[in-house]
Amino acid sequence: MHKHLKGYVNDGRWGQPSPDDYSLIIKDLASSELKPEDIFVYPVRLCDNKVDSAKEFFSEKSLSELAELFVGMPGIFNHSWEDARDIHSRIYKTEVIEEDNDYKYLLGYLHLL
């Protein structure tokens, strides 16, 4: 487990990658020397179909299209694209989740770099 998150409850979606996720991440990183225990993965809710304060929302079609586009995107600190030191993780897979009452959101899975 990543040293900064030690002690947090693992809900099964974060921590050490599954064998399938490990394969996706290794393909992305192109390093067969990296072991599953060296990788920390975690989920992030990226966007949803809920109307926000600006009266905007993502349609079901938009969520599906964004699911494909988000794969490979980096997670950054401070929204600074100019400094590579601000990149902390990368999205390696996504899925659209549907809950009760037609609520849908895009869940991204990231691995720490």
Could you give me the residue pairs with C-beta distances under 6 Å whose first residue belongs to region 95-113 and is farther than 18 Å from Gln16 by Cβ, whose second residue is polar (S, T, N, Q) and part of a loop (DSSP other than H, G, I, E, B) wherever it lies, and which are 6+ apart or on separate chains? Lys104/Asn49
Taking Ile26 as meeting all but one of (1) part of a helix (DSSP H, G or I); (2) open to solvent by 60 Å² or more (accessible area, probe 1.4 Å); (3) at pLDDT below 90, write down the number of the exception. (2)
Kindly provide the set of residues from region 74-110 that are modelled with pLDDT under 90 and surrounded by 14 or more Cβ atoms within 10 Å (Cβ to Cβ), ordered by number. Pro74, Gly75, Ile76, Asp86, Ile87, Ser89, Arg90
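The values are calculated or read from the model by the stated rules, or taken from the named source; none is laboratory data. Since we're looking at a predicted model, the values are computed, not measured. Virtual Cβ from ideal backbone geometry, glycine too; neighbours counted across all protein chains shown. The protein model used for the area step is the full one, side chains on, heavy atoms only, and it has no ligands, DNA or RNA in it. Shrake-Rupley method; radii C 1.70, N 1.55, O 1.52, S 1.80 Å.
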